[in-house]
Amino acid sequence: MASRLSEIAPRRRLREEEKVQAKRNDFQARRDCFQARRDCFQVRRDRSAQATSRRREISGEARLLPGKARLLRVGNFAKKKDAQPACTPSLSLTPNSNLQAKTSQAILQSIFFKPKFFPENPILKPSPILITASPPPSSYSEALNKPTMAGLVPPPPTAPDAPKEDERTDYFNLPCPIAYDEISREAYMSLKPELFEGLRIDFTKGLNQKFSLSHSVSMGPTEVPSQSPETIKIPTAQYEFGANFLDPKLMLVGRVLTDGRLTARLKGDLTDNLSLKANAQLTNEPHMSHGMASFDYKGRDFRSQFQLGNGALFGANYIQSVTRNLSLGGEVFWAGQHRKSGIGYAARYNTDNMVATGQVASTGVVAMSYVQKVNDKVSLASDFMYNYLSREATASFGYDYILRQCRLRGKIDSNGVAAAFLEERLNMGLNFILSAEIDHRRKDYKFGFGLTVGE
């Protein structure tokens, strides 16, 4: 990401420099245009002075000529004065002034044949000269005030529309935030896919609109905890049978495995704002069975949760919308069996294109995550976790790419572990799954593939 930002910054500076240079060139063209108009007015004054002196000379000669010759000379001058000047492009004159015709011709010559109006500029190049005839103005002053460089100099760049001011936050109409335990769900979906090793086949059969049965077969190695640095794996295989009941206000899910484990989940809406969640696991191993229940209350702009669990576990959390995009919350818990307690704080900031979260707890954990939505199909995610008690830190970066027929997710972390997870839809109700994870430091390599049949 740092290298990408380092490439974008010079390009952005170059674009800004080009914009500044274009504005400078436009200002120079405007200044040249103004100078040209001053030269035109100077030419007009000079030609007017010459015409005035010429008229005075003619008047003096007419006075000296006797009789008929004087009338003929004055008559020729009157005919020449009453002659209408030819219509000139982009500037029309009144047909009662020979002086005005000569002056307008001088102005057009000084404008259209002055080469200094076109400075060499690779960015702002002048458009081709197009001279079109326009209707005559009502007066000579209007003709002089009419812009004569409209076809030569490009129009000035229009200023961009000013950004609209953000609407004021209505603190009495804030949105309801997500649950406290799901505050980082976007990053969790991208960075923590359900990786597996070996073969897995899942089959789901719907009996009616609310009730369905599921079957799952998995075969592959399983890690065995050991004190040696090397990873020890043993081949295993298991079958899982499940039953699902789905209703708009009630969800029941149960699973039974061949090794004797039984898991169950329940979610039900007691009222429009109050819901109950419960999950339990029963095993043959001692002290490994557990259960937990929670009551969730959803307010207009807040959420609260109260948890109960075996081993005298109590917990509560609360999250409040501060603005339309910012939510703040906190949690407390007490584990009576282990005589431990803790407190934590969390913050979440989300817009249409990004989500940023931060969490800190008295147990020593500091976690941060950031998800950027590039477009409708691609999103990037990163997270950072630090334990200031054990002085350990982990960072990871991942992506989530959704295509028309597949979804690809992957990540790489600071420990050198790279993983990828692919779900491809082959047909209606048939999905193909690929999973891979590589840990070069521990020399642990995992690869799995599977099929999902049924919806």
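The values are calculated or read from the model by the stated rules, or taken from the named source; none is laboratory data. It should be emphasised that the depicted structure is a prediction, and the values quoted were computed from it without experimental measurement. Cβ sites come from the backbone with ideal geometry, for glycine too, and all protein chains shown count toward neighbours. Surface areas here come from the heavy atoms of the whole protein model, side chains and all, with no ligands, DNA or RNA. Shrake-Rupley method; radii C 1.70, N 1.55, O 1.52, S 1.80 Å.
Please list 19, 277 in order of solvent-accessible area, largest first, computed with a 1.4 Å probe with all protein chains present. Present the calculation step by step, with values, prior to reporting the outcome.
Details: 19 120, 277 55 Å².
Descending accessible area places them as 19, 277.
Give the carbon-plus-sulfur fraction of the accessible surface of segment 372-423 in %, rounded to a whole number; probe 1.4 Å, heavy atoms of protein chains only. It would help to have the intermediate numbers written out before the result.
On the way: 1830 of 3190 Å².
Of all accessible area on segment 372-423, carbon and sulfur atoms account for 57 percent.
Please work out the FRET efficiency for the pair residue 328 and residue 365, using the Cβ-Cβ distance as r and a Förster radius of 22 Å; give the result to the nearest 0.05. Intermediate values should be presented prior to the final figure.
Numbers: r = 18 Å, r/R0 = 0.82.
My answer for the efficiency is 0.75.
Using only protein heavy atoms and a 1.4 Å probe, report how much of residue 301 is accessible, in Å² to the nearest 10.
Roll a 1.4 Å probe over it and residue 301 shows about 30 Å².
Along segment 309-314, what does the Karplus equation 6.51 cos²θ - 1.76 cosθ + 1.60 (θ = phi - 60°) give for ³J(HN,Hα), rounded to whole Hz, x for Gly and Pro?
Values, residue by residue: x, 5, x, 6, 9, 10 Hz.
How many nm separate the modelled label positions at residue 338 and residue 405, each set 7 Å beyond the Cα in the direction of the Cβ?
4.8 nm
With r defined as the distance between the Cβ atoms of residue 312 and residue 352 and R0 fixed at 56 Å, what FRET efficiency is calculated, to the nearest 0.05?
The pair residue 312/residue 352 has a calculated efficiency of 0.80.
Quickly work out the residue 293-to-residue 264 label distance, labels modelled 7 Å from Cα along the C-beta direction, and quote it in nm with one decimal.
The two pseudo-label positions are separated by 1.2 nm.
Hey, if you put +1 on the Cβ of every Lys and Arg and -1 on every Asp and Glu Cβ in segment 366-446, which of 418, 403, 374 ends up farthest toward the positive end of that dipole?
403
Return the sequence-ordered ³J(HN,Hα) values of segment 289-298 in whole Hz as given by the Karplus equation 6.51 cos²θ - 1.76 cosθ + 1.60 applied to θ = phi - 60°, using x for Gly and Pro.
Each residue's phi maps through the Karplus curve to give 7, 8, x, 8, 9, 9, 10, 10, 10, 10 Hz.
If you only keep lysine pairs separated by 8 or more in sequence, or across chains, how many in segment 220-341 come under 18 Å at the Cα atoms?
On the way: 249/267; 249/277; 249/298; 267/277; 267/298; 277/298.
Qualifying lysine pairs in segment 220-341: 6.
State, to one decimal in nm, how far the label point of residue 19 lies from the label point of residue 376, with both points 7 Å from Cα in the Cβ direction.
About 2.9 nm separates the two model spin labels.
Can you work out the base-10 log of I(q)/I(0) for segment 164-243 at q = 0.20, 0.23, 0.27 1/Å, using the Debye formula on its C-alpha atoms alone?
Treating every Cα as an identical point scatterer, log10 I(q)/I(0) equals -1.10, -1.08, -1.11.
When the Kirkwood radius is taken over all Cα pairs of segment 312-405, what Stokes-Einstein diffusion coefficient follows at 25 °C and 0.890 mPa s, in µm²/s?
Numbers: Rh = 15.3 Å.
The Stokes-Einstein estimate is 160 µm²/s.
What does the accessible area of residue 215 come to, in Å² to the nearest 10, when a probe of 1.4 Å is used?
Rounded to the nearest 10, the figure is 60 Å².
For segment 29-44, just list the computed ³J(HN,Hα) in residue order, Karplus coefficients 6.51, -1.76 and 1.60, θ = phi - 60°, integers in Hz, with x standing in for Gly and Pro.
Computed from phi, the couplings for segment 29-44 are 5, 5, 5, 5, 5, 4, 5, 5, 5, 4, 5, 4, 5, 5, 4, 4 Hz.
Please report the accessible area of residue 314 (heavy atoms, 1.4 Å probe, ligands and nucleic acids excluded) in Å², nearest 10.
Around 100 Å² of this residue is reachable by solvent.
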